[in-house]
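Notes follow the structure.
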Amino acid sequence: MDLLALLRKESITVRRNLGLILVLLVLLPGGLVAGTAVFEQTIPRDVPVGVVAEEGTTEDDIAIAEAGMVAFATPVEYESAADAREGLQREEVYLAVHVPGDVLNESGEANVTIVSDRAFVPFEEPVNESVGVAESEIDGLVPADVTVDHEQVGAERSLSEFLVPTGLFAFVTLYALVFLPYQVRSERLVLDRLQTESRLDTVVASKLLFYGAALAIPAAVVAAMAYWFGYDVTVLSPLSVAVFGLTFVYLAAVGLAVLFALGLRQTALFVNLGLALAVFGLSSLVYPTGFFSSAQGTISRALPTYYSVVTTRSAMLRDAPASLYADYLWWLVATTLASLVVLKLALAVYERRR
Amino acid sequence: MTDADSTHDAGSDSASRDAPDGDDSSLALVDVTKRYGETTALEDLSLEFRPGTFHGLIGPNGSGKTTLFALLAGLTQPTSGRIERADATADVGYSFQEPRFYPSLTVRENLEIFRGFVDDPPPDAWTETLLEELRLEPAADRRADELSGGFRKKLDLGLALIKRPQYLLLDEPLADVDDYSRRRITSFLDSYREADRTVVVSTHNVAAFADQLDRLSVVVDGDLRYDGPPAEDVVSQYRTLLE
């Protein structure tokens, strides 16, 4: 009978917490399955690839080369090799294909050069695969005898080094989107007293300031650990600090906005956990955008977290000027401001409900 | 609910449905109504809290006392009507029915943090006075979330008093507090209003403060049923008002 009574109590608890149950048992697992829809394939088919015309290359040559790539890539044309190189560093494209002008010459030999960036370590094997695919596809389409050279730019990186910025970004996401709302919620009872002494905006601002500044500690720890392991990773640079700061603020603002909009209920923590999982799954943390499907590519390019990831990776692994990522930074600044406005609105809703 | 006339019938010497005739340093609710959705917590209520008084706000559970305190403390806004505070710089200290403090801080740390919110805080000695008068000294260096119910309540009281406010709002301040501490606290609060400060105690246990009350307001179902001087037998007076 004890068991029956306890089970009855659990059923009543469930009825009283339908919002939480809905998020935990319906939306989260449903979201996880829905998320799998954008992971369609493991062979790259929609990865953006830059196409650069070499001297003497005609539009027909380019069109034929692009036709040879559509099996595994989405071609993006660049005016020059330098532009394509920048595109690689900005992760607009993950390969750059230099098309020669003699692919339509039946008796000639055409040498296509495929350039990839060593900083994107997990893509090395797919790139090698793609080089072979490109060679056979283009060779089959054009009269010339096509050979493909693979050129790699940037310093040699290990997978361990590649994972340092990825891991740090994942940490910031959990810290801002899950831990900070949890911490604020743990002090929900004292919020009433704080509002008799201060403003809720000020209380929340103090949380953002303190826990934002505290991020210096994990950043320093990661830098020290990377140094200890002998990794060639620039953890602390003006660009990486700026990106981490902005990423923390906009993710924390969104997490806190969810928390206050849902009246500091436990449900908010699970909603934020779901958002963190979505960020991990859709921001191209480890594989190129579009690697798994064009839908995944489209979604990740619409997310600010994608630009945080790319800029962080570049700041730590690539020898590229910060100015190359200026538009990404502005996008992150705009996202941060918008998320702070959303947070302000959520606080207003919370106060108005009282 | 009672109608407006019952306030006067019960012997009020100042309360009315119109704006209270308060003096320069009073705190007042004027024609205040507070609704939560379909529920009316307070209905067209006017009430004044005067300096130097020990004001009892009495009523059964769910009568609207806590809502009235939340309005006075600025935690919520009236649906209609207004809150008047003649001296804008006069501050309000609020001891909640359910204690509100930082659970991971010690008693002393909580007091120090909330003292830090005040622009011109009372001297350090005030903190020591509170620890002594509220019998918090034995728990001063213990984490707040490890305190017993009585100590939690006393800490909350200490936090309401830490800035030495002009208006002190106490919601069931003696709940869970032991008898000895009750006598100490009641005596301390009695002396607190002597410096022209106002102590407002919300309780359903009118007997606990019968000897201290200068003024009595009885709220029932969101309506002001009585506002005036307490009778000699305030418990009997309260029972009569409830009938």
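Structure values in brief
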| read-out | value |
| --- | --- |
| Under 13 Å from the Cα of B:LYS34 - aspartates and glutamates, other chains or at least 8 residues apart | B:GLU43, B:ASP44, B:ASP221, B:ASP223 |
| Computed [θ] at 222 nm, deg cm²/dmol, chain A (DSSP H ≥ 4; -39,500 (n - 2.57); rounded to nearest 500) | -19500 deg cm²/dmol |
| Beta bridge orientation in region A:47-153: antiparallel %, DSSP, nearest 5 | 15 percent |
| Lys, Arg +1 and Asp, Glu -1 on Cβ, resulting dipole of chain A about Cα centre, debye, nearest 20 | 4060 debye |
| With Cα atoms, 0 to 90° folded angle of helix A:59-69 axis to chain A main axis | 60 degrees |
| Dimensionless Rg over Rh [region A:159-352; C-alpha; Kirkwood] | 0.99 |
| Qualifying GluC sites (Glu not before Pro) for region A:1-76 [loop in DSSP, other Cβ within 10 Å: at most 12] | A:GLU55 |
| Average partner coverage of A:194-200, which counts Cβ from other chains inside 10 Å | 6 |
| Evaluated at q = 0.10, 0.11, 0.13, 0.15 Å⁻¹: base-10 log I(q)/I(0), Debye formula over Cα of chain A | -0.71, -0.82, -1.02, -1.22 |
| Buried area at the A-B interface (accessible, heavy atoms, 1.4 Å probe, summed, Å²) | 1500 Å² |
| Chain B, helix-only ellipticity at 222 nm - DSSP H runs n ≥ 4, -39,500 (n - 2.57), divided by all residues, nearest 500 | -8500 deg cm²/dmol |
| Where chain A is the region considered: accessible area per residue in Å², 1.4 Å probe | 47 Å² |
| Nearest-ten-degree value, helix A:326-352 long axis tilted from longest Cα axis of chain A | 20 degrees |
| Cα-based reach from B:LYS154 at 27 Å (exclusive), listing lysines while leaving out same-chain residues under 8 positions away | B:LYS65, B:LYS163 |
| Fraction of accessible area attributable to carbon and sulfur, chain B (%, probe 1.4 Å) | 42 percent |
| Nearest-20 debye value, region B:135-243 charge dipole, Cβ charges on Lys, Arg, Asp, Glu | 440 debye |
| Cα-centred dipole magnitude for the protein assembly as shown, charges only on beta-carbon of K, R (+1) and D, E (-1), debye, nearest 20 | 2540 debye |
| Against the rule of thumb 2.2 N^0.38 Å, how large the Cα Rg of the protein assembly as shown comes out | 1.36 |
| Set of lysines near A:LYS344 by C-alpha distance (under 21 Å), chain-local residues within fewer than 8 positions excluded | A:LYS207 |
| Antiparallel DSSP beta bridges within the protein assembly as shown, percent to nearest 5 | 35 percent |
| Chain-alone versus full-assembly comparison, region B:51-87, residues with accessible loss of at least 30 Å² (1.4 Å probe) | B:LEU75 |
| Alpha-carbon spread of region A:47-153, three principal axes, descending order, Å | 38, 26, 20 |
| Relative contact order [Cα under 8 Å, 6+ residues apart], chain B, whole percent | 30 percent |
| Region B:154-215 - accessible surface per residue (Å², probe 1.4 Å) | 34 Å² |
| Radius 13 Å from Cβ of A:GLN266, net charge of other residues (Lys, Arg +1; Asp, Glu -1) | +4 |
| Percentage relative contact order, chain A, counting C-alpha pairs under 8 Å, at least six apart | 21 percent |
| Dipole of chain A, positive direction: furthest Cα of A:LEU273, A:VAL349, A:TYR287, with charges on the beta-carbon | A:VAL349 |
| Over region A:230-307, relative contact order from alpha-carbon pairs under 8 Å, at least 6 apart, % | 19 percent |
| Of all accessible heavy-atom area on chain A, the percent that carbon and sulfur account for (1.4 Å) | 63 percent |
| Farthest positive-ward along region B:151-243 dipole, Cα basis, beta-carbon charges - from B:ALA210, B:LEU159, B:THR240 | B:LEU159 |
| Degrees between helix A:159-174 axis and first principal axis of chain A (Cα, 0 to 90, nearest 10) | 30 degrees |
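The values are calculated or read from the model by the stated rules, or taken from the named source; none is laboratory data. Everything numeric here is computed off the predicted structure, so don't read it as measured data. Cβ: placed from backbone, ideal geometry, glycine included. Neighbour counts: every protein chain shown. Accessible surface areas use protein heavy atoms only, side chains included; no ligands, DNA or RNA. Shrake-Rupley method; radii C 1.70, N 1.55, O 1.52, S 1.80 Å.
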